[in-house]
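All remarks here apply to the structure that follows.
The values are calculated or read from the model by the stated rules, or taken from the named source; none is laboratory data. Treat the numbers as computed from the prediction; the structure is a model and nothing was measured. All Cβ positions, glycine included, derive from the backbone under ideal geometry; neighbour counts span all protein chains shown. Ligands, DNA and RNA are stripped out before the accessible areas are found, and what is left, the full protein with its side chains, is counted by its heavy atoms. Shrake-Rupley method; radii C 1.70, N 1.55, O 1.52, S 1.80 Å.
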Amino acid sequence: MPNLEAASPHTMNTYGRLPIAVDHGEGVYLWDVNGKRYLDALAGIAVNTLGHNHPKLVPALQDQVAKIIHSSNYYHVPNQEKLAAKLVQLSGMTNVFFGSTGLEANEAAIKLARKYGHDRGIERPEIVVYEKAFHGRSIATLSATGNEKVQKGFGPLVEGFIRVPMNDIDALRQATDGNRNVVAVMFETIQGEGGINQMRIDYLQKVRELCDLKDWLLIIDEVQCGMGRTGKWFAHQWASIVPDVMPLAKGLGSGVPIAAVVAGPKAADIFQPGNHGTTFGGNPLATRAGVETIRIMEEDGLLENAERVGARLKQTLARELGGLKEVVEIRGQGLMIGVELARPCGVLTQRAAEAGLLISVTADTVVRLLPPLILTERQADDVVAILAPLVRQFLAE
């Protein structure tokens, strides 16, 4: 059988795509149209929580497709309420708005914060955001993002953001001192696109205290690091804090597009009818995917699995690569791990794919691993067995 070419000549050239066209998947493995198998250590960029073709998820989605896929938000959607109630229970928060993407969730969070300010008589509300942050590619979320490379060519950016470095409470205090326009602090517990950079537990607790003191909203973007990826439902829970606003997406629907903004008491009633909306968000299929994803995660103990297998993966990476001169750091939590090298290493995505492993490189120098939460310890060892020789070979060049 001749090889089929991986090409998309009629699709906009917005992605630096690898020459792979995916055909089907099973568990943590994907096959391309030519029958080559890959170990998927990217999970659609932290999306395929349950891997591929999960035996409990597929029948549930088939059942839902046969009933109704989409209605509209003019009507009540029973799965929406079921999923919202579950997210409220897991987060200790109050209510939920559903969208379709992480960008949409973060956009809604920004709107919530601005209206929170306007409701208090603040004409030009400002939100504190972070260096190296990534919140999306709409004009507002791009403005909140801390990456000049992705912002270039899209100015003027939206005003109303104050940028500070991570894990420096004095810098946050100085940047906001005497500014009555500040309404919120917004960050990722672990920066994904920024290079798997973690907020320290003591810092998270101090920011929560400062927000309480100043009556600001604490917005924690859990789009990439949430939904069990670190071994808790949401990564900020390791610090025993609760945000006021929490955008979610990616892993919530195991591949079906869904996002959520979970709000606590301070933000629960800011949006009223007409203030915000969405066409596709929270439709019957998407919310069924969310309900079933959480059910299966609970039944199969996937939070514990993420913590245990993630620890094994990190430990094995440290053993194989930790002593190398140009390996700067191996960091992350659960099944969200970054290996930072001392020089740009984008070529490793192609080399890993050729060797049958799907990864990504983010922030130019960080190999990012975000495998499905069903990954086993044996499969984690397989990831390292493929990746470590590639990294060693690259660093020897």
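If you go through the stretch 111-143 and pick out every residue that is under 17 Å from the mean Cα position of the chain (by Cα), of a type in the set (A, V, I, L, M, F, W, C) and part of a helix (DSSP H, G or I), you end up with 1.
For the stretch 356-370, filtered to residues that are open to solvent by 10 Å² or more (accessible area, probe 1.4 Å) and without any contact (Cβ under 8 Å) to a residue 60 or more places away in the chain, the residue that is nearest to ALA342 (Cα to Cα) is ASP364. When each of ARG351, ARG378, ARG343, ARG392 is tested for being open to solvent by 40 Å² or more (accessible area, probe 1.4 Å), outside any strand (DSSP E or B) and under 27 Å from LEU303 (Cα atoms), the lone residue that passes is ARG378. Only a single item in (1) open to solvent by less than 90 Å² (accessible area, probe 1.4 Å); (2) closer than 25 Å to VAL150 by Cβ; (3) free of Cβ contacts under 8 Å to residues at least 40 places away in the same chain is not met by LEU18, and it is number (3).
Of everything in the stretch 154-188, what is of a type in the set (Val, Ile, Thr) and either over 21 Å from ALA109 (Cα atoms) or assigned to a helix (DSSP H, G or I) (or both)? Give them in sequence order. Result: ILE169, THR176. Condition (residue is open to solvent by 60 Å² or more (accessible area, probe 1.4 Å), within 22 Å of the chain's Cα centre (by Cα) and within 23 Å of LEU370 (Cα to Cα)) applied to the stretch 201-212: is it met by at least one residue? Checked against the condition, which is being open to solvent by 60 Å² or more (accessible area, probe 1.4 Å), within 22 Å of the chain's Cα centre (by Cα) and within 23 Å of LEU370 (Cα to Cα), the stretch 201-212 yields at least one hit.
Remark: pairs (first residue in the stretch 117-145, more than 15 Å from ALA105 (Cα to Cα) and among the aromatic types (Phe, Trp, Tyr); second residue outside any loop (DSSP other than H, G, I, E, B) and open to solvent by 80 Å² or more (accessible area, probe 1.4 Å); Cβ separation under 8 Å; 6+ apart in sequence or on different chains) = TYR130/ARG163.
The residue pairs whose first member lies in the stretch 249-271 and is outside any loop (DSSP other than H, G, I, E, B) and modelled with pLDDT of 95 or more, whose second member is among the acidic types (Asp, Glu) and surrounded by fewer than 20 Cβ atoms within 10 Å (Cβ to Cβ), and whose beta carbons are closer than 9 Å, counting only pairs six or more residues apart or on different chains, are ALA263/ASP269. Restricting PRO156, PRO125, PRO165 to residues that are within 26 Å of PRO344 (Cβ to Cβ) and not β-branched (Val, Ile, Thr) narrows the list to PRO165. For the stretch 97-108, the count of residues that are in a loop (DSSP other than H, G, I, E, B) and free of Cβ contacts under 8 Å to residues at least 24 places away in the same chain is zero. Answer with yes or no whether ARG319 is assigned to a helix (DSSP H, G or I), without any contact (Cβ under 8 Å) to a residue 24 or more places away in the chain and closer than 16 Å to TYR29 by Cβ. It is false that ARG319 is assigned to a helix (DSSP H, G or I), without any contact (Cβ under 8 Å) to a residue 24 or more places away in the chain and closer than 16 Å to TYR29 by Cβ.
With respect to the conditions (1) open to solvent by 30 Å² or more (accessible area, probe 1.4 Å); (2) over 26 Å from GLU292 (Cα atoms), ILE127 lacks only one, and its number is (1). Would you confirm, using the coordinates I've provided, whether GLY51 is surrounded by 14 or more Cβ atoms within 10 Å (Cβ to Cβ), of a type in the set (Gly, Ala, Ser) and touching a strand residue (DSSP E or B) at 6+ places or on another chain (Cβ under 9 Å)? Yes, satisfied.
Of everything in the stretch 169-193 that is crowded, with 16+ Cβ neighbours inside 10 Å and charged (D, E, K, R), the residue that is nearest to GLN151 (Cα to Cα) is GLU193. Restricting attention to the stretch 64-77, the residues that are in a helix (DSSP H, G or I) and free of Cβ contacts under 8 Å to residues at least 60 places away in the same chain add up to 1.
Every condition in (1) outside any loop (DSSP other than H, G, I, E, B); (2) open to solvent by less than 50 Å² (accessible area, probe 1.4 Å); (3) within 18 Å of ARG229 (Cα to Cα) is met by LEU373 except one, and the failing one is (1). Taking the listed residues GLY44, GLY27, GLY35, GLY102, the one that is surrounded by 13 or more Cβ atoms within 10 Å (Cβ to Cβ), out of contact with any Leu (no Cβ under 6 Å at 6 or more places or on another chain), of a type in the set (Gly, Ala, Ser) and more than 27 Å from ALA263 (Cα to Cα) is GLY27, with no other qualifying.
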